[in-house]
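Here, each number is a calculation from the coordinates, and none is a lab measurement. Every value quoted in this text rests on a predicted model; they were computed, and no experiment measured them. Every residue, glycine among them, receives a Cβ derived from its backbone with ideal geometry; neighbour counts consider all protein chains shown.
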Amino acid sequence: MASKFLIISASLNLNSKSRVLMQELLTLLPADVEREFIDLQDYDLPMCDGGPCYTDPIVLKLQRSVANADCILVGIPVYNFACSASFKNLVELTGRAWEEKIVGFVCAAGGHSSYMSVMNVANSLMLDFRCVIIPRFVYSEGSSFAEGKLKDAKIKERLAELKDTAVKMTSALAKKAALLPE
Ligand SMILES: Cc1cc2nc3c(=O)[nH]c(=O)nc-3n(C[C@H](O)[C@H](O)[C@H](O)COP(=O)(O)O)c2cc1C
């Protein structure tokens, strides 16, 4: 069965750099994997209130997309030395749908100091939902882009490495799961 990849672009900035990275990553995926691309700019998501938000039809749609994926690769803007609130809100809204997913991170930051920004949310995904975090992050700075395009060969290489690792890990864990009793 084909692996199912979900690519999420979490930035709400119309000129998002992390979205450019996720569009590039999408083109690198092998032809035989199923893929869905979710750009949070296309969804009018409520803020998580721990209650009525969980009945919102858009939230339910995104929960289904997350639950349906084997591997989720997320493009994240770094805000205040952490993942943006837009991504944290998505995790809060979709919660258990993340259970046992393989998750990879691609970050766009302004400078070089915030490279541990995904750790808070990575820990939460591991501890709450037993996600397997791909130990290969892509971290880009503003200087990697020019005129809205990715110009940095090193970042292109890192995206290809993330894609290779994601494909390998997803296939290896699917094979292992098939051997385990229910
Ligand atoms: C509110 C805010 C907070 C930010 N905080 C950081 C930060 O802590 N570290 C950093 O390197 N860049 C920071 N930046 C810069 C962004 O990470 C940068 O603009 C990046 O391109 C955002 O991703 P995006 O282009 O996909 O939206 C911040 C930007 C904003 C608007």
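With respect to the conditions (1) under 19 Å from residue 142 (Cβ atoms); (2) buried (at least 22 other Cβ atoms within 10 Å of the Cβ); (3) aromatic (Phe, Trp, Tyr), residue 5 falls short on a single one, namely (1).
With the structure loaded, tell me whether residue 86 is more than 21 Å from residue 163 (Cα to Cα), of a type in the set (S, T, N, Q) and in contact with a Phe, Trp or Tyr (Cβ under 6 Å, 6 or more places away or on another chain) or whether it fails that test. Answer is no for this residue.
Of the strands (runs of 3 or more DSSP E) lying entirely inside the stretch 1-97, those containing at least 2 residues that are farther than 26 Å from residue 174 by Cβ span 71-79. Residues that are outside any helix (DSSP H, G or I) and of a type in the set (Val, Ile, Thr) were ranked within the stretch 131-175; the one that is surrounded by the most Cβ atoms within 10 Å (Cβ to Cβ) is 138.
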